[in-house]
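The values are calculated or read from the model by the stated rules, or taken from the named source; none is laboratory data. Since the model is a prediction, treat every value here as computed from it, not as a measurement. Cβ coordinates were reconstructed from backbone atoms using ideal geometry, including for glycine residues, and neighbour counts include every protein chain displayed. Accessible surface areas use protein heavy atoms only, side chains included; no ligands, DNA or RNA. Shrake-Rupley method; radii C 1.70, N 1.55, O 1.52, S 1.80 Å.
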Amino acid sequence: MFLAYLLFGCSWVTSFVIANQTNSVLDVTYQFRGMATETGSCFDENWRTVPDVFPISDLRKQTPKVQQLSRSEYSCNVKELRVKFPLKPKMAVKVGTEVNYLGHEDSIAYSGHLGIESLKLSGSSDSITYEGLQVIRGFREVDQTLYVLEYN
């Protein structure tokens, strides 16, 4: 019984969030790994979900006041599975989740790297691009359920 609890009772979801700490709009572009969905969308109902946006002040709240981006607020290249949207100043966006994520050193988790192949953040003064495993390494651990990539 105790072993069953250890194996099945301790499950968590880790959110990966980009936080725009600047006073300017940040252009966020990322490309999913894999193939286009049958629905002709960049997103599916499981792992590739439409981004949730919320104020940075809600970042550490258990239930932040999230708002899913509307279709008019992002662009989606279905053939390339590339998503692009502007992130307003002092706002955060959840771009992915992992179940039972054990940290950057866990080789099993690394293989998935959020299902995001590349990530580009373009601000008013510079642009940063992450490719492959660099994507997940860009996020720093806040706690077991939250990793944040801050753009300053």
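Annotations
- Protein-only accessible surface order, largest first, of V78, V99, V148 at 1.4 Å: V99, V78, V148
- S57 - accessible surface, heavy atoms, 1.4 Å probe, Å² rounded to 10: 100 Å²
- Using the Karplus relation 6.51 cos²θ - 1.76 cosθ + 1.60 with θ = phi - 60°, the per-residue 3J(HN,Hα) values for segment 114-128 come to 6, x, 9, 7, 8, 9, 10, 10, 10, x, 6, 10, 7, 9, 10 Hz, with x marking Gly and Pro.
- Proximal charge balance of Y151 [Cβ under 13 Å; K/R count +1, D/E count -1]: +1
- Summed side-chain charge close to Y130 - residues other than Y130 whose Cβ falls under 11 Å, Lys, Arg +1, Asp, Glu -1: 0
- Under 14 Å, Cβ to Cβ, from L69 - net charge with Lys/Arg +1 and Asp/Glu -1: +2
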